[in-house]
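Visitor: Supplied in structure tokens, the structure appears directly below.
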Amino acid sequence: MEFLAIGDTVVDTFIRLKDAQVHCNLNNEECTISMRYGDKIPYEFAKVLAGVGNAANASISAARLGLQSAFIGWVGEDENGHACVSVFKKDGVSTEHITTEPGKTTNSHFVLWYGPDRTILIKHEAFDYVLPAPMPDTKAVYLSSIGEGGMGIHEPLADWLEAHPEILLAFQPGTFQMKAGVEKLARIYKRTNIFVCNKEEYQRILDVKEEDPKKLMELMREKGPKIVFLTDGPNGAYALSDDGAWKIGLAPGGDDAYERTGAGDAFASTATAALLLGKSVPEALAWGPVNSASVVQKIGAQEGLLTKETLLANLEKVPETYKAEKI
């Protein structure tokens with residue numbers, strides 16, 4: 001196995017709203033969505049997507065990019081759980097280590113989609129989060145979002161990773177992992193080879209107001225990660241390693257989103273896959289936004305994920321100005 005993703009999977013129900021309003025503060029930073037209270041509000045359509053979630057999306061992204069991929073996750077013994085497993089199998093992702101728990105309900109979220117962005121109503125099932133014993137052989141582990149009840153897996157995972165220093169660890173923290181803070185997950189941060197988050201998440205994790213992406217990445221590297229990536233919406237993306245720091249703008253189509261769910265997952269998983277495939281850090285930085293630009297043209301996080309052949313073909317079509325530059 002080359003790519004072993006660990007995290008939650010979920011069934012997302014996308015609800016395309018047409019009768020809502022968005023209100024933002026003067027700096028356009030804190031926005032809320034509102035609808036009429038106590039009324040019947042029409043919507044355009046709904047679409048149900050199974051087998052999604054940060055780590056789940058990454059496992060499928062890696063498989064389409066040509067890596068032998070597997071997923072460690074937890075589902076209920078219900079129709080949604082079977083649907084999730086089927087999604088992984090369809091893309092050739094190994095499901096051997098997905099745990100099906102009787103009496104539990106597979107995670108189900110509702111995505112209120114308005115304009116190009118969305119607000120997600122989430123609910124995590126209280127699974128009995130236990131890692132496989134023994135853990136499967138793999139070249140790399142990709143750790144991402146997991147429910148609050150799953151936070152206990154990080155210590156045994158750290159034990160295993162420290163005993164296997166040859167395994168690369170990529171970390172794209174989810175909500176509860178960010179909430180836990182660096183100190184509680186210090187062993188994970190110290191062991192991380194590749195770290196990926198957006199700018200606001202860097203600020204939240206580090207508990208700083210620093211605005212300079214390069215300084216944020218430097219602060220994160222002090223916590224342990226060797227190669228760090230930072231995405232900053234319309235401002236592009238950044239990377240920092242022992243060899244230097246780079247910046248790249250949006251890939252063509254990245255600023256014209258139909259629906260933005262999964263853009264960050266596409267970037268993170270693609271940059272990680274590129275490094276596993278022997279690409280340099282600036283090359284990986286260029287790969288990520290190309291897959292993100294494809295994902296935001298479709299509904300959900302997986303339909304737009306590219307194969308390696310298509311991604312390379314798209315890279316050949318980008319303008320000469322689209323390249324990583326040292327900063």
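The values are calculated or read from the model by the stated rules, or taken from the named source; none is laboratory data. A quick note: this is a predicted structure, and the numbers were derived from the prediction, not measured. When we count neighbours, we look across all protein chains shown, and the Cβ atoms used for this are built from the backbone with ideal geometry, even at glycine. These accessible areas exclude ligands, DNA and RNA; they are computed on the full protein's heavy atoms, side chains included. Shrake-Rupley method; radii C 1.70, N 1.55, O 1.52, S 1.80 Å.
Visitor: Test of understanding: among 306, 315, which residue is open to solvent by 10 Å² or more (accessible area, probe 1.4 Å), part of a helix (DSSP H, G or I), of a type in the set (A, V, I, L, M) and at pLDDT 95 or above?
Guide: Step by step, each of 306, 315 is checked, and only 315 is open to solvent by 10 Å² or more (accessible area, probe 1.4 Å), part of a helix (DSSP H, G or I), of a type in the set (A, V, I, L, M) and at pLDDT 95 or above.
Visitor: Considering only residues of region 241-276 that are among the hydroxyl-bearing types (Ser, Thr, Tyr) and not in a strand (DSSP E or B), which is farthest from residue 227 (Cα to Cα)?
Guide: Top of the filtered list is 258.
Visitor: I would also like to ask the following. Residues in region 1-24 that are at pLDDT below 95, aliphatic (A, V, I, L, M) and touching a Cys at 6+ places or on another chain (Cβ under 9 Å): how many?
Guide: Residues in region 1-24 being at pLDDT below 95, aliphatic (A, V, I, L, M) and touching a Cys at 6+ places or on another chain (Cβ under 9 Å): 1 in total.
Visitor: Please indicate, with yes or no, whether at least one residue in region 79-91 is open to solvent by 10 Å² or more (accessible area, probe 1.4 Å), of a type in the set (Ser, Thr, Tyr) and farther than 26 Å from residue 170 by Cβ.
Guide: No, every residue in region 79-91 fails to be open to solvent by 10 Å² or more (accessible area, probe 1.4 Å), of a type in the set (Ser, Thr, Tyr) and farther than 26 Å from residue 170 by Cβ.
Visitor: Continuing with the same structure: Any idea how many residues of region 137-175 are surrounded by fewer than 16 Cβ atoms within 10 Å (Cβ to Cβ) and outside any helix (DSSP H, G or I)?
Guide: The number of residues fulfilling the criteria is 5.
Visitor: Then there is this: In region 1-54, which strands (runs of 3 or more DSSP E) lie fully inside it and hold 2 or more residues that are touching a residue at least 24 places away in the same chain (Cβ under 8 Å)?
Guide: Because the criterion is at least 2 residues that are touching a residue at least 24 places away in the same chain (Cβ under 8 Å), the strands (runs of 3 or more DSSP E) in region 1-54 that meet it are 3-6, 10-17, 43-52.
Visitor: Would you check which residues across region 183-204 are among the β-branched types (Val, Ile, Thr) and in a strand (DSSP E or B) and list them?
Guide: Residues satisfying the conditions are 194, 196.
Residue-by-condition table, conditions (1) at pLDDT below 95; (2) farther than 22 Å from residue 84 by Cβ; (3) β-branched (Val, Ile, Thr):
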position: 101; (1), (2), (3): no, no, no
position: 105; (1), (2), (3): no, no, yes
position: 108; (1), (2), (3): no, no, no
position: 113; (1), (2), (3): yes, no, no
position: 144; (1), (2), (3): no, no, no
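Visitor: Anything in region 181-202 that is in contact with a Leu (Cβ under 8 Å, 6 or more places away or on another chain) and open to solvent by 30 Å² or more (accessible area, probe 1.4 Å)? List them, or say none.
Guide: Selection gives 191, 193, 198.
Visitor: Of all residues being open to solvent by 50 Å² or more (accessible area, probe 1.4 Å) and out of contact with any helix residue (DSSP H, G or I) (no Cβ under 8 Å at 6 or more places or on another chain) in region 278-302, which is nearest to residue 45 (Cα to Cα)? Just the residue, please.
Guide: Only one residue fits best here, namely 298.
Visitor: Looking only at region 102-119, decide whether some residue is in contact (Cβ under 8 Å) with a residue 24 or more places away in the chain, open to solvent by less than 20 Å² (accessible area, probe 1.4 Å) and in contact with a helix residue (DSSP H, G or I) (Cβ under 7 Å, 6 or more places away or on another chain).
Guide: Yes, region 102-119 contains a residue that is in contact (Cβ under 8 Å) with a residue 24 or more places away in the chain, open to solvent by less than 20 Å² (accessible area, probe 1.4 Å) and in contact with a helix residue (DSSP H, G or I) (Cβ under 7 Å, 6 or more places away or on another chain).
Visitor: Moving on to the next point. Within region 217-229, can one find any residue that is on the phi > 0 side of the Ramachandran plot and among the charged types (D, E, K, R)?
Guide: no
Visitor: List the number of the failed condition for residue 43; all other conditions in (1) within 19 Å of residue 113 (Cα to Cα); (2) open to solvent by less than 10 Å² (accessible area, probe 1.4 Å) hold.
Guide: Failing condition for residue 43: (2).
Visitor: Just to verify a result, which residue in region 245-260, among those that are more than 18 Å from residue 321 (Cβ to Cβ) and in contact with a helix residue (DSSP H, G or I) (Cβ under 8 Å, 6 or more places away or on another chain), is surrounded by the most Cβ atoms within 10 Å (Cβ to Cβ)?
Guide: Among those that are more than 18 Å from residue 321 (Cβ to Cβ) and in contact with a helix residue (DSSP H, G or I) (Cβ under 8 Å, 6 or more places away or on another chain), it is 245.
Visitor: I've got another one for you. Given the criterion polar (S, T, N, Q), closer than 29 Å to residue 274 by Cβ, surrounded by 16 or more Cβ atoms within 10 Å (Cβ to Cβ) and in contact with a Lys or Arg (Cβ under 7 Å, 6 or more places away or on another chain), identify the matching residue among 9, 95.
Guide: The conditions single out 95.
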